[in-house]
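Enquirer: Handing you a structure now.
The values are calculated or read from the model by the stated rules, or taken from the named source; none is laboratory data. Bear in mind the structure is a predicted one, so any value in this text is a computation, not a measurement. All Cβ positions, glycine included, derive from the backbone under ideal geometry; neighbour counts span all protein chains shown.
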Amino acid sequence: MKTRLTETLIKNTQWKGKEVRLVDASLPGFYVAINKHTKTFKVKADLWVGTPGQKKKVRSVNQAFASVEQISLRDARTQAATYLSQIKAGTDPFKKTETYEYNIKKMVDLFILSRQEKGRRPATCEGYSQISVRYLKAIHSESAADYELHKAYELHKKLTKCHGAVTADKAIKLLSSSYRYIRPRTPAGTIDHNPFEGFEYNNPKPKNGRTMILEELPSWYEALQIIKNPIRRGFHLTMLYSGLRRATASKIEHDWLDERKSCMNIPGRAMKNGEDLSVPVSDQLIQIFKNTSTCSKRMYPRSPWLFPTVGKDGQVKPIVAANEKALNHRTGHTSRRTYRTIAALAGVSDRNGDLLLGHKIAGIRGRYIDEPQLFGQLLHDQKLISRFIDEHMLKG
């Protein structure tokens, strides 16, 4: 059904178990495809070639060309009109280009776009983009067809030295995946090899994460008081009392808290797995939210976030608090690991401990358990964990 496309309509329309298509009433062939994790602008039209009266249908073009985060609706409609005009004239604007036109940047960009079309999580695609911009920029202009193995090893060695073994491996694996994607989708002779086949990666052993022991909690809480910003203090307390990932906790908004039901409703856009989550909240967490919200609304009255800050560009954004000198870097994932350890020490079952972290129940059990019905048990355990933290952190 055709509709009048607006930015608001696109933003408010959500995935409903299958792809939702918002077809533009003003430009036939232009629509927005809404999937579980992505919203993309697409064009759809039949490509005909030949002289009038003898035209032959070549193929049906149904192609995504940008995500809604990349360009505005107005720019997308203009771009779509250009594509549709070319198709009507018998030219395929999405036809695979020749060898010399493929450089590393274009190849990686096409791979990332393909992942978006596949419905991969936005965080995953954004991670690919960041790797490309930060670590592959030096080779963006090089020909993908001419890139050789010895160059790959030189780049890998340099990245390992400057940014670490894990980052170097991620960058090269992104390149390798891009080659694997693009090779079968280009004409014969365009890209005939993947220089990363058989590549020897660093494959560093994962480091054991830091976890605070119970005896550390009083000194950690004392050090927390040194932090003058009440919003940052509230953020670190929330991390410890909830076990949320840092990226999720930083995006908490004022209206997510439902005090009457003792829960916080987190939308999928703030979750690593892209799925909505209702987190049970204890009385301690509710009080932390209230105290922080009062300060937040006073300091940043127009911000929707519970933990806002001002970026280098002067814009208000969610807090970024990877490290705190006062806390001796006992923040972020350390708080999450400490929370899960305390849950075990307090007697919380492994199943409930994992669910409180936002993890899914593994295997066939997870398919047969209706998690929402466990909310009462999870709330009980959340309160138990908070009391356990209080007993060991605030004693004396």
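Enquirer: Out of all the residues in the stretch 341-356, is one or more closer than 18 Å to S282 by Cα, within 27 Å of the chain's Cα centre (by Cα) and assigned to a loop (DSSP other than H, G, I, E, B)?
Expert: Within the stretch 341-356 (the criterion being closer than 18 Å to S282 by Cα, within 27 Å of the chain's Cα centre (by Cα) and assigned to a loop (DSSP other than H, G, I, E, B)), the answer is no, since none of the residues qualifies.
Enquirer: Which is farther than 20 Å from R298 by Cβ, in contact (Cβ under 8 Å) with a residue 12 or more places away in the chain and touching a strand residue (DSSP E or B) at 6+ places or on another chain (Cβ under 9 Å), of I252, I266?
Expert: The conditions single out I266.
Enquirer: Ok, one more. Picking from N35, N62, N12, which residue would you name as being within 27 Å of R269 (Cβ to Cβ) and in contact with a Lys or Arg (Cβ under 8 Å, 6 or more places away or on another chain)?
Expert: On the way: N35 fails: in contact with a Lys or Arg (Cβ under 8 Å, 6 or more places away or on another chain); N12 fails: in contact with a Lys or Arg (Cβ under 8 Å, 6 or more places away or on another chain).
Going through N35, N62, N12 in turn, the sole match is N62.
Enquirer: Here is a follow-up. Can you name every residue in the stretch 162-176 that is buried (at least 18 other Cβ atoms within 10 Å of the Cβ) and more than 16 Å from E126 (Cβ to Cβ)?
Expert: A168, D169, I172, L175
Enquirer: Go through the residues of the stretch 88-106 one by one and say whether even a single one is crowded, with 19+ Cβ neighbours inside 10 Å, in contact with a helix residue (DSSP H, G or I) (Cβ under 6 Å, 6 or more places away or on another chain), in a helix (DSSP H, G or I) and not acidic (D, E).
Expert: yes
Enquirer: Follow-up question, since we're still on this one. Assigned by TED's automatic domain parsing to the domain that holds F388 and out of contact with any Ser or Thr (no Cβ under 8 Å at 6 or more places or on another chain): which single residue out of T292, T309 fits that description?
Expert: Exactly one of T292, T309 is assigned by TED's automatic domain parsing to the domain that holds F388 and out of contact with any Ser or Thr (no Cβ under 8 Å at 6 or more places or on another chain), namely T309.
Enquirer: Only helices (runs of 4 or more DSSP H) wholly contained in the stretch 198-274 count here; list those with 1 or more residues that are exposed (fewer than 14 other Cβ atoms within 10 Å of the Cβ).
Expert: In the stretch 198-274, 217-224 are the helices (runs of 4 or more DSSP H) which contain 1 or more residues that are exposed (fewer than 14 other Cβ atoms within 10 Å of the Cβ).
Enquirer: Before we move on, is A145 in the same structural domain as L113 (by TED's automatic domain parsing), over 19 Å from R115 (Cβ atoms) and not in a helix (DSSP H, G or I)?
Expert: It is true that A145 is in the same structural domain as L113 (by TED's automatic domain parsing), over 19 Å from R115 (Cβ atoms) and not in a helix (DSSP H, G or I).
Enquirer: What tally of residues in the stretch 362-383 results from selecting those that are surrounded by 17 or more Cβ atoms within 10 Å (Cβ to Cβ) and of a type in the set (A, V, I, L, M)?
Expert: Residues that pass the stated criteria total 2.
Enquirer: What are the pairs, 6+ residues apart or on separate chains, where a residue within the stretch 350-365 that is not assigned by TED's automatic domain parsing to the domain that holds D381 and of a type in the set (D, E) has its Cβ under 6 Å from a residue that is assigned to a helix (DSSP H, G or I) and modelled with pLDDT of 90 or more?
Expert: Sorted first by the residue in the stretch 350-365, then by its partner, the list stays empty.
Enquirer: Residue check, D109 against (1) within 21 Å of the chain's Cα centre (by Cα); (2) farther than 24 Å from S60 by Cα, all met but one. Which one?
Expert: (2)
Enquirer: State yes or no: is C162 assigned to a helix (DSSP H, G or I), outside the structural domain of T38 (by TED's automatic domain parsing) and without any contact (Cβ under 8 Å) to a residue 12 or more places away in the chain?
Expert: Taking the combined requirement at face value, the residue satisfies it.
Yes or no, residue by residue, for (1) over 20 Å from L84 (Cβ atoms); (2) hydroxyl-bearing (S, T, Y); (3) out of contact with any Ser or Thr (no Cβ under 8 Å at 6 or more places or on another chain):
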{"site": "R4", "(1), (2), (3)": "no, no, no"}
{"site": "V20", "(1), (2), (3)": "yes, no, no"}
{"site": "S26", "(1), (2), (3)": "no, yes, yes"}
{"site": "V32", "(1), (2), (3)": "no, no, no"}
{"site": "L47", "(1), (2), (3)": "no, no, no"}
{"site": "K56", "(1), (2), (3)": "no, no, yes"}
{"site": "N62", "(1), (2), (3)": "no, no, yes"}
{"site": "V68", "(1), (2), (3)": "no, no, no"}
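Enquirer: Oh, and also: Consider R180 against the criteria (1) assigned by TED's automatic domain parsing to the domain that holds D109; (2) touching a His at 6+ places or on another chain (Cβ under 9 Å): it satisfies all of them except one. Which criterion is unmet?
Expert: Only one criterion is unmet by R180, namely (2).
Enquirer: Taking the condition of being of a type outside the set (F, W, Y) and either farther than 14 Å from C263 by Cα or not in a helix (DSSP H, G or I) (or both), how many residues in the stretch 376-392 meet it?
Expert: Total meeting the criteria: 8.
Enquirer: So, of the residues in the stretch 32-67 that are under 24 Å from the mean Cα position of the chain (by Cα) and of a type in the set (S, T, Y), which turns out to be surrounded by the fewest Cβ atoms within 10 Å (Cβ to Cβ)?
Expert: Among those residues, the one meeting the criterion is S67.
Enquirer: Please tell me if S303 is farther than 27 Å from L394 by Cα, out of contact with any Phe, Trp or Tyr (no Cβ under 6 Å at 6 or more places or on another chain) and not in a strand (DSSP E or B).
Expert: Working: farther than 27 Å from L394 by Cα: yes; out of contact with any Phe, Trp or Tyr (no Cβ under 6 Å at 6 or more places or on another chain): yes; not in a strand (DSSP E or B): yes.
Judged against the criteria, S303 is a match.
Enquirer: Then there's this: Looking at the structure I just gave you, is S132 in contact with a Phe, Trp or Tyr (Cβ under 9 Å, 6 or more places away or on another chain) and either free of Cβ contacts under 8 Å to residues at least 60 places away in the same chain or small (G, A, S) (or both)?
Expert: no
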